[in-house]
Amino acid sequence: MSFISRNFASSFKPVCNSLLHNARFYSTLDSSKLVIEKTTNPKPQIPQNELVFGKYFTDHMLEIEWDKETGWKSPKISPYHNLSLDPSTIVFHYAFELFEGMKAYKGAQGEIRTFRGDKNMVRMNKSAERIALPQFDGEELLKLIDQLLILDKKFIPQGKGYSLYIRPTMIGTSASLGVSVPDKALLYVICSPVGPYYSSGFKPVSLEATDYAVRAWPGGVGDKKLGANYAPCVLPQLKAAEKGFHQNLWLFGDEGYITEVGTMNAFFVLKDAKTGKKELVTAPLDGTILEGVTRDSILELARDRLSQDEWVISERKFTIHEIKQAAKEGCLVEAFGAGTAAVVSPIKNIGYKGEDINVPISLGNSGELTAQVAEWIRKIQYGEEEYKGWSRIAKV
Ligand code: COI
């Protein structure tokens, strides 16, 4: 136990706890030390209409190694390549892995924009802290990502719905089967050009409410973006797909709390039959819900832009039974999932215990608010509108 604690303390907070290291040799993440090795073998560009999510990658990648003794080494951008790791490397055995999802957009003047990357950096550090991987200065990583984006600019597709998906990742790289705090880590960033999630505008999805498995639980890690949270979610999605549903809806507890949809946060719009007032509701951040950047943006925009006379914006627990009842009474207005990949994804139907709960899609493919929030966010992401400094322009 004391062995675990000592090692844990020495690599948990490398910046604050630098006294535990030989402070003279411990380095924090420093973008000014970036070394760039450009590719001599540029890849051909994939035609925009052939893009498939996460399948094609740009010419370069960013890597920063870390070790317990010396801290963060010089960041390196080099041609996209395979990683070479010992088969005993701790990431393969005990899931020391976390990631983020961000996107870069090409604005009207050809400028490169990223959306609220500071939120991703905060979440990435929280994920790192939880699995005893090193933390880092998020602004330094954003500066490095800017340089990668500038170098691979030609891969950022232009046009509505097109972007470059950015995947910052951190893994523990100690080569040992011991279950302990990694003394080595690798932070890397790869980028993949992507097209609109739905090629012909919105396509509403049908969901199966999963009542035999849960995604996350109190005291667990459902609010962290760990790879280990994703693998166990694929089987319920597969089972839902076998019954003809597009995705699954995650419930929790005997009460049937609605938590998330597939890999996205879930939003519902309910109408109060007496007052006619509408409520936009999503599950609260109680430790089981991913702290989605899109989720946060929707809540902030809705609170800012929807009339308080007509709307209530709620982060509260709500159940599948409440939604079923609202649908029965004609008070379920619309529903959608929200995440980085699809931004918003309209919902048209929920299968629950063999019955269908029909969700209205008043505009044909989505509800009105679903279309509205998608457009609000799109305009900020592409720089058609500036809002609270949410869109960052990459500079050399
Ligand atoms: C997102 O849309 O936010 C995601 O995390 C999806 C990703 C796992 C592909």
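The values are calculated or read from the model by the stated rules, or taken from the named source; none is laboratory data. Computed from a prediction, not measured in an experiment: that's the story for all the values here. Note that each Cβ is placed from the backbone with ideal geometry, even for glycine, and that neighbours are counted across all protein chains shown.
Looking across segment 139-160 at every residue that is in a loop (DSSP other than H, G, I, E, B) and without any contact (Cβ under 8 Å) to a residue 60 or more places away in the chain, the one that is surrounded by the most Cβ atoms within 10 Å (Cβ to Cβ) is identified as ILE156. Does LEU363 fit the bill of being part of a helix (DSSP H, G or I) and over 20 Å from the mean Cα position of the chain (by Cα)? Spelling it out, it is not the case that LEU363 is part of a helix (DSSP H, G or I) and over 20 Å from the mean Cα position of the chain (by Cα). Can you name the residue in segment 280-295 that is within 15 Å of the ligand (Cβ to nearest atom) and of a type in the set (D, E, K, R) and is also surrounded by the most Cβ atoms within 10 Å (Cβ to Cβ) among such residues? Checked segment 280-295; the qualifying residue surrounded by the most Cβ atoms within 10 Å (Cβ to Cβ) is ARG295.
For segment 115-126, state whether one or more residues are surrounded by 21 or more Cβ atoms within 10 Å (Cβ to Cβ), of a type in the set (Gly, Ala, Ser) and within 16 Å of the ligand (Cβ to nearest atom). Among the residues of segment 115-126, at least one is surrounded by 21 or more Cβ atoms within 10 Å (Cβ to Cβ), of a type in the set (Gly, Ala, Ser) and within 16 Å of the ligand (Cβ to nearest atom), which makes the answer yes. Here GLU334 fulfils each of the conditions (1) buried (at least 19 other Cβ atoms within 10 Å of the Cβ); (2) within 16 Å of the ligand (Cβ to nearest atom); (3) among the charged types (D, E, K, R) apart from (2). Filtering VAL189, VAL194, VAL234, VAL214 for residues that are over 23 Å from ASN125 (Cα atoms), within 16 Å of the ligand (Cβ to nearest atom) and surrounded by 15 or more Cβ atoms within 10 Å (Cβ to Cβ) leaves a single hit, VAL194.
With respect to the conditions (1) within 16 Å of the ligand (Cβ to nearest atom); (2) of a type outside the set (Gly, Ala, Ser); (3) at pLDDT below 95, PHE57 lacks only one, and its number is (3). Residues in segment 363-389 that are hydroxyl-bearing (Ser, Thr, Tyr) and surrounded by fewer than 21 Cβ atoms within 10 Å (Cβ to Cβ): TYR387 alone. For the residues LYS224, LYS239, LYS203, the requirement of being of a type outside the set (Gly, Ala, Ser) and in a helix (DSSP H, G or I) singles out LYS239.
When the residues of segment 315-324 are filtered to those that are surrounded by 14 or more Cβ atoms within 10 Å (Cβ to Cβ) and out of contact with any Phe, Trp or Tyr (no Cβ under 8 Å at 6 or more places or on another chain), which remaining residue is farthest from LYS274 (Cα to Cα)? Among them, the one singled out is GLU315.
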